[in-house]
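Working notes, structure below.
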Amino acid sequence: MIWGDSMKPLYLRLSLQDINERVNLLYQKMKDCTLCPRRCHVDRLNGQIGACKIGRLPQVASYGPHCGEESFLVGYRGSGTIFFSGCNLSCVYCQNWTISQNCTGERLSVEQLAHVMMRLQNLGCHNLNLVTPTHQIAMIVDALSIAVKNGFHLLIVYNCSGYESIETLQLLNGIVDIYMPDFKYADDTLAFKYSGVSNYVEITTEALREMYKQVGGLKIENGVAVRGVFVRHLVLPNDIAQTEKVFSIIASISKEIPVNVMAQYYPTYRAQKYHELSRGISRHEYLKAIEAARRHGLIVID
């Protein structure tokens, strides 16, 4: 296949030796697990389980061409999406809680995960969309190394919570083409109350800064994203997320980072236990969030 330079996946510019060195370093982080900012310090390579509830093997809830993502990811052939079980957050309102919190899914070998990647490519998908990959990234890059040997060439989308380790992200520099993090809150107290993590704002801000440093603002060619970072922000009722402050933080990193202001919140999982989360958002709340994004000079996408 002949690639234009901007269309060529970044990892195809690396040698297999370089990719495998990243794999080894990522696995080393799992030995005393520091893959994410929770830094559970459990030996996942030998069966110990941390906050993400996932051990040594990949665990996948589902995969296939997905047409429910942003239009520039879906294109006209779908985004090749793999939903990974488990999560490094514990959001009480998680919209995919059966996957993230109950860890439904099937354990695969790394070789089987590589086969899934190849299958999505053979189905004609525009990209490989890794949903909640953070805690399984060592196995994912390991599978990628195998798939590349068999001709894999899809662009890689890192679809994550935003709560990321800088050290782990640096090992993904030159591997990930498109970063798609959430930015959930602008207040650490709320992040701990609703998602169970500390220092959320600083960690997510620095992670977004690193992502932007690696791939820049979002670039779209012929209607399909080929490189860059954009942010998803789920609007919560009663301005729990402090949405305007979130957009202020994003804009302070770069106004080249577009935002998808998401309106689909509904109270699920444990949300009904929190009165302030027990309803969906109003049209007024959504439009107010859109206005806030634009007021800070951000491009709103969907």
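What follows is calculated from the coordinates using simple rules that are stated; it is not laboratory data. On a predicted model such as this, the values are computed, not experimentally measured, just so you know. Heads up, the Cβs are rebuilt from the backbone with ideal geometry, glycines too, and the neighbour counts pull from every protein chain shown.
Dipole check for segment 113-225: with +1 at the C-beta of Lys and Arg, -1 at the C-beta of Asp and Glu, and the Cα centre as origin, the magnitude is about 360 Debye. Note on T104 and I290: their simple-model spin labels are 3.3 nm apart, each label 7 Å out from Cα toward Cβ. Multiplying the residue separation of D302 and S248 by 0.36 nm and subtracting their alpha-carbon distance yields 17.5 nm. Sorting T134, T81, T34 from the fewest to the most surrounding beta carbons within 10 angstrom yields T34, T81, T134.
The distance between label points at L16 and K219 comes to 2.8 nm (points 7 Å beyond Cα on the Cα→Cβ vector). Helices in the chain that qualify as membrane-span-like (whole DSSP H runs, Cα extent of at least 15 Å along the helix axis, mean Kyte-Doolittle hydropathy of -1.0 or higher) are 16-31, 110-122, 137-149, 200-215, 243-253.
Stretching the chain fully between S71 and D187 yields a gain of 38.7 nm (0.36 nm per residue, less the alpha carbon separation). For Y265, Y194, Y286, the sequence from fewest to most other C-beta atoms within 10 Å is Y286, Y265, Y194. About its Cα centre, the dipole of segment 1-63 is roughly 240 debye, where the only charges are +1 on Lys and Arg Cβ and -1 on Asp and Glu Cβ.
Extension gain for the segment E202 to K149, taken as residue separation times 0.36 nm less the Cα-Cα distance, is 15.2 nm to one decimal. A Cβ-based charge dipole, computed about the Cα centre of the chain with Lys and Arg at +1 and Asp and Glu at -1, lands at about 320 debye.
With both labels modelled 7 Å from their Cα along Cα-to-Cβ, the M7 to D239 distance reads 4.6 nm. Considering only L12, L218, L287, the Gaussian network model of the chain with Cα springs below 10 Å gives its largest mean-square fluctuation to L287.
Candidate values (1) 59, 50, 35; (2) 77, 75, 37; (3) 51, 45, 30 were compared with Cα extents along the principal axes in Å computed on the shown model; the agreeing label is (3).
Eigen-decomposition of the gyration tensor built on the alpha-carbon atoms of segment 170-302 gives equivalent ellipsoid semi-axes of 26, 17, 13 angstrom, largest listed first. When the pairs K53/K193; K31/K149; K29/K184; K8/K245; K149/K184; K149/K219 are compared against a 29 Å limit on Cα-Cα distance, K8/K245; K149/K184 fall above it. The relative contact order of the chain, computed from alpha carbon pairs under 8 Å that lie at least 6 residues apart in sequence, is 16 percent.
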